[in-house]
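Asks: One structure, pasted below without further comment.
Since every read-out is calculated from the coordinates, none of them should be taken as a lab result. Everything numeric here is computed off the predicted structure, so don't read it as measured data. Please note: Cβ atoms are built from the backbone with ideal geometry, for glycine as well, and neighbour counts cover all protein chains shown.
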Amino acid sequence: MAQIVLVNPSAKKAYGDMTPPMYPPLGLGYIAALLEKNGFSVRIIDTDIEGLENRDFKNIFSGEKPQIVGITCTTPLYSNALEIAKIAKDAGAKVALGGIHPTIKPKECIENPEIDFLIMGEGEKTFLEISNAVVSKKDSPKELEKIRGIVFKKNGKPVYNKPRPLIDNLDELPFPARHLFKQQKYTYPAAQYSPTIPIMASRGCPGQCTYCCTKNVFGLRYRTRSVENVIAEIEEVIEKYGAREIHIWDDNFAVNKKYLLEFCRKIKEKGIHKKVVFAVPQGLRVDQVDEESLRALKSINVYSVGFGVESGNQKILDLAKKGITLEQSRKAIALAKKTGFEVWAFFILGLYGDTRETMRQTIDFAKELDPDFAKFLILKPFPGTEVFEQLDRENLVIEKDYDKYGLYERPIHRLKQASPDDILEMQQIGFREFYLRPKKLLKQLLRIRSFYGLKVFAGTAWSILRLNILSGKK
């Protein structure tokens, strides 16, 4: 029986009619690894992967009898997290809530009677200190006040401890406890080969994007693990888990060109690029890549890269503080295509200031750039972001029910010159016009390199079709 159970709540409610992506919760993997290194018995429960409903946790917690239950949550998973927290509390466990939502909304979260602790920001060292205190029964208010980065209750009232500094040396952290994941059940949409394993080489992003809340957890300062440490993890997932494809999940992998080039050079020196393929699904900015860096990535068998383009209107980009130009997007994506990458481009519809006309420009820009894949996402202005404050000040946020904040749910805001239905319609138009072109359909079929890739293609195509059909019904 595990002393500590870490839970990733179900995302089904948050994704509405769409299937949640099947990625492992690496954050819990890092926390679990540090706990195990310090002698604790840990179990990770990834609710959707294990096919569980919230009611199943009653039997799990009564059987495991954990002393601590740690739950991670984003804003749309908040209500699910509270349901699980109540079950854990009723089973006699101490409950710690961590992740983006409690970090940005601590007052709201700590008021729930089922929550004992909030973990603010990076959670590894903080959770370890809480675990040491609870298990050793040294969790008096006097002792808890010494733990930086938490909120707890003293005589029923919240106590906000000092923030915990960000981890300077990321090499101090052990590799994620992947043996606690049900690895074979993760599907990794867009992957070509299985098993696919994700890694993170850095934390933090200096970008000022108004819609991003990741900086609330990892900060603006860009921190990297040593290249040697990252390569050691890559070698482990190849040898121990049979990885055939590795995804670099960093928010921004190209901030430090010197680091990127050193990483590529050492991967080649060790011949790792002959054993696996790589992808950088979301971690490149159009203003931070050049021919040398892209050629270096290509030389180590990176086959796919992703860029956040966001809008086809410069004024909207500037309002979002993206810090890029349309011309930079043109150059970067053209160069990536020329270098031979499969290219993804991500766009956001419904940004502050958007109109039907500017969203039309975004769709036209996507077709002009013509990446292999375009993803048209509807803005979700999460609490704690600058764009939420902008919209809320002008009474443009029309939905405060966090269950409606899922990525593929209806817009939860309106704009001065665009209704929620306008934003939704433009998303449908974007997907239809981009993908339902004969040359695009043929190109998608030609990219398939394995039976696994065929399954992923079929699933992606069906998801796009369902998104258009189901969105029209709402």
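Asks: What do you get for trypsin sites (Lys or Arg not before Pro) in segment 318-368 restricted to DSSP loop and a cutoff of at most 11 other Cβ within 10 Å of the site's Cβ?
Replies: Values: sites: Lys321, Lys322, Arg330, Lys331, Lys337, Lys338, Arg356, Arg360, Lys367; in loops: Lys321, Lys322.
When the trypsin sites (Lys or Arg not before Pro) of segment 318-368 are filtered for loop state and at most 11 Cβ neighbours within 10 Å, nothing remains.
Asks: List, in the order given, every pair from Lys12/Lys380; Lys182/Lys404; Lys94/Lys142; Lys12/Lys37; Lys125/Lys157; Lys13/Lys157 whose Cα-Cα distance in the structure shown is over 27 Å.
Replies: Where the Cα-Cα span goes over 27 Å, the pairs concerned are Lys182/Lys404; Lys12/Lys37; Lys13/Lys157.
Asks: Moving to a separate point now. Restricting to DSSP loop positions (anything but H, G, I, E, B) with no more than 10 other Cβ atoms inside 10 Å of their own Cβ, which trypsin sites (Lys or Arg not before Pro) remain in segment 91-187?
Replies: Answer in residue order: Lys137.
Asks: Let me ask something else. Using alpha carbons only, how many angstrom separate the centre of segment 244-286 from the centre of segment 345-415?
Replies: 30 Å
Asks: Considering only DSSP states other than H, G, I, E and B, which trypsin sites (Lys or Arg not before Pro) in segment 407-436 qualify as loop sites with at most 15 other Cβ atoms within 10 Å? Numbers along the way, then the final one.
Replies: Details: sites: Arg414, Lys416, Arg432; in loops: Arg414, Lys416.
Taking segment 407-436 and a limit of 15 other Cβ atoms within 10 Å, the loop trypsin sites (Lys or Arg not before Pro) found are Lys416.
Asks: Assuming R0 = 41 Å, what is the FRET efficiency of Leu396 and Glu269, from their Cβ-Cβ distance, to the nearest 0.05? Working shown, then result.
Replies: Details: r = 53 Å, r/R0 = 1.29.
So the FRET efficiency works out to roughly 0.15.
Asks: To continue, here is another question. Binning at 10 angstrom from zero up to the longest distance, how are the C-alpha pair distances of segment 1-120 distributed in percent?
Replies: 14, 49, 34, 3, 0
Asks: For the chain, what does the relative contact order come out to in percent, with C-alpha contacts under 8 Å and a separation of six or more?
Replies: Here the relative contact order equals 14 percent.
Asks: Kindly point out which whole DSSP H helices in the chain project their C-alpha atoms 24 angstrom or further along the helix axis while averaging a Kyte-Doolittle hydropathy of 0.5 or above. All intermediate terms of the calculation are to be shown ahead of the outcome.
Replies: On the way: long enough: 451-473 (33 Å, 0.70).
The qualifying helices are 451-473.
Asks: To continue, here is another question. Using only the alpha carbons, work out the radius of gyration and Dmax of segment 202-306 in angstrom.
Replies: 13.8, 41
Asks: Additional query: To the nearest 20 debye, what is the magnitude of the charge dipole of the chain about its Cα centre, counting +1 on the Cβ of each Lys and Arg and -1 on the Cβ of each Asp and Glu?
Replies: In total the dipole reaches around 500 debye.
Asks: Additional query: Enumerate cysteines in the chain without a disulfide-compatible partner, where compatibility requires another Cys Cβ under 4.7 angstrom.
Replies: Taking the Cβ cut-off of 4.7 Å, the unpaired cysteines of the chain are Cys73, Cys109, Cys205, Cys213, Cys264.
Asks: To continue, here is another question. Evaluated at 4 °C with a viscosity of 1.567 mPa s, what Stokes-Einstein diffusion coefficient in µm²/s does the chain have when Rh comes from the Kirkwood expression over alpha-carbon pairs?
Replies: 56 µm²/s
Asks: In terms of modelled amide H atoms, which long-range or inter-chain residues lie less than 5 Å from the amide H of Gly70?
Replies: The list, which skips near neighbours in sequence, is Val5, Leu6, Val7, Ala96.
Asks: Which order results if Thr214, Thr126 are arranged by neighbouring Cβ count within 10 Å, fewest first?
Replies: The order, fewest Cβ neighbours first, is Thr214, Thr126.
Asks: Right, something else. Rg to Rh ratio, segment 74-223, alpha-carbon atoms and Kirkwood radius?
Replies: 0.99
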